[in-house]
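The values are calculated or read from the model by the stated rules, or taken from the named source; none is laboratory data. Bear in mind the structure is a predicted one, so any value in this text is a computation, not a measurement. Note: ideal-geometry Cβ built from the backbone for every residue, glycine included; neighbour counts use all protein chains shown.
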Amino acid sequence: MNKLKLADKTQLLKIGIISFLILELTAILIGIWPILNQPKLASSTYTSLRLGVIPTFSKKNSQEIWSQIAQQFSNKCNISISPYYCNSHDEAIYGLLYGSLDLVIVNAVVSSELKKQFDAESLLIKDLDNELENHRSVLVARKNEGTNFLSQTSGLRFSNVNRYSLAGALIVNEFIESKINEPIKNWFSEISYAGTHHQSVINLIKNDTDLISVNYSSLKESMKMLGYSDDMIQILWMSTVLPEPVLCCRSDLDRTIQNELINAVSLIKSDQKRNRLRFRRLDESFTQRVGKTAQLGNKLKIIL
């Protein structure tokens, strides 16, 4: 009788243990079921990137443009892009190199140097379309002041945009030095930096400087925006068409994300009224234009 009772207890204990294990397993499955059952999403769904933008005119103007660009990319590749408006090229470049920015818009010479010195990648180029013909560097003086030729600029006050600017410094400085056969610091009485193409135009008209180097397209837009007449200025020199601005990414940005950004371009419909909203892949025509400015990078050493 005692043996029977002991067998019954043992059986009940086994049943209890098994029931407990089943309940525990059920609880665990209930807990992890949402994770096991959630749909597999592309890694880019969780990606948020910071884009460094150097304003050409003003932060407000840049916000109107780049917020639309960011939205276009977000709609097509599920990557959240947050534009950050940098105060200078230095802030944008160092932000990319130190990791506070994932993407930056820079000129072709800077992008080449970032690749050469820090292995940053060039992903896309800004499609200027009808504006490409005006994407040139110009050397500009005020009109009717006796400054019609480069030979007449010795001793004047000269203003660049910033030391990284292709149209606003690098290419025009190279041209001037090739003609005067000496460093520009020996030719002009003063060399300053305006910060933006727009501010350069303002400084020239207000007589804060005598000579400026700017992007021709930006010059035309600034003159119109400020209500200045073209009769107020004299263009002393104009370059050939320059390579377009480049969208660069940090060297360690996941290759899958890079490819998603590149592929998104073909999905974004062109806006015929806002050419600046368009990007395209790097192509042969861009490479040829870059080749003509490649030597300028030798004078642009990015020092950390």
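Quick notes on this structure:
Residue-wise test of (1) surrounded by fewer than 19 Cβ atoms within 10 Å (Cβ to Cβ); (2) small (Gly, Ala, Ser).
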{"position": "ASN207", "(1), (2)": "yes, no"}
{"position": "ASP210", "(1), (2)": "no, no"}
{"position": "SER213", "(1), (2)": "no, yes"}
{"position": "MET223", "(1), (2)": "yes, no"}
{"position": "TYR228", "(1), (2)": "yes, no"}
{"position": "ASP231", "(1), (2)": "yes, no"}
{"position": "ILE235", "(1), (2)": "yes, no"}
{"position": "THR240", "(1), (2)": "yes, no"}
{"position": "PRO245", "(1), (2)": "no, no"}
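- Residue within the stretch 89-105 that is over 16 Å from the mean Cα position of the chain (by Cα) and not charged (D, E, K, R) present: no
- Number of positions in the stretch 207-232 that are modelled with pLDDT under 95, more than 24 Å from the chain's Cα centre (by Cα) and among the charged types (D, E, K, R): 3
- The stretch 69-95 residues that are free of Cβ contacts under 8 Å to residues at least 60 places away in the same chain and buried (at least 17 other Cβ atoms within 10 Å of the Cβ), paired with ones that are of a type in the set (Phe, Trp, Tyr) and part of a helix (DSSP H, G or I) (beta carbon under 9 Å, 6 or more apart): ILE81/TRP66; ILE81/PHE73; PRO83/TRP66; TYR85/TRP66
- For the stretch 185-214, a residue qualifies if it is touching a helix residue (DSSP H, G or I) at 6+ places or on another chain (Cβ under 6 Å), assigned to a loop (DSSP other than H, G, I, E, B) and touching a residue at least 40 places away in the same chain (Cβ under 8 Å), and exactly one does: THR209.
- Yes/no for LEU139 being at pLDDT 95 or above and within 19 Å of THR293 (Cα to Cα): yes
- Checking the stated criteria, SER111 turns out to be in contact with a strand residue (DSSP E or B) (Cβ under 9 Å, 6 or more places away or on another chain) and not β-branched (Val, Ile, Thr).
- Filtered residue count, the stretch 59-81, keeping only those that are within 29 Å of GLY168 (Cα to Cα) and out of contact with any helix residue (DSSP H, G or I) (no Cβ under 7 Å at 6 or more places or on another chain): 9
- LYS269 vs. criteria assigned by TED's automatic domain parsing to the domain that holds ASN203, outside any strand (DSSP E or B) and modelled with pLDDT under 95: no
- Counting only residues that are over 25 Å from GLY155 (Cα atoms) and not acidic (Asp, Glu), the stretch 212-235 holds 11 of them.
- Per the listing GLU174, GLU182, the residue uniquely of a type in the set (D, E, K, R) and without any contact (Cβ under 8 Å) to a residue 40 or more places away in the chain is GLU182.
- On inspection, SER200 fails the criterion of being in contact with an Asp or Glu (Cβ under 9 Å, 6 or more places away or on another chain) and over 20 Å from SER112 (Cα atoms).
- Put simply, of SER112, SER151 the only residue that is in a helix (DSSP H, G or I), crowded, with 21+ Cβ neighbours inside 10 Å, at negative phi and of a type in the set (Gly, Ala, Ser) is SER112.
- Residues satisfying the stated conditions in the stretch 115-132, i.e. among the hydrophobic types (A, V, I, L, M, F, W, C) and surrounded by fewer than 16 Cβ atoms within 10 Å (Cβ to Cβ): PHE118
- Residue list for the stretch 183-207, restricted to those being under 18 Å from TYR228 (Cα atoms) and out of contact with any Lys or Arg (no Cβ under 7 Å at 6 or more places or on another chain): THR196, HIS197, HIS198, GLN199, SER200, VAL201, ILE202, ASN203, ILE205, LYS206, ASN207
- Here the helices (runs of 4 or more DSSP H) wholly within the stretch 1-98 that include at least 2 residues being among the aromatic types (Phe, Trp, Tyr), modelled with pLDDT of 80 or more and out of contact with any strand residue (DSSP E or B) (no Cβ under 9 Å at 6 or more places or on another chain) are 89-98.
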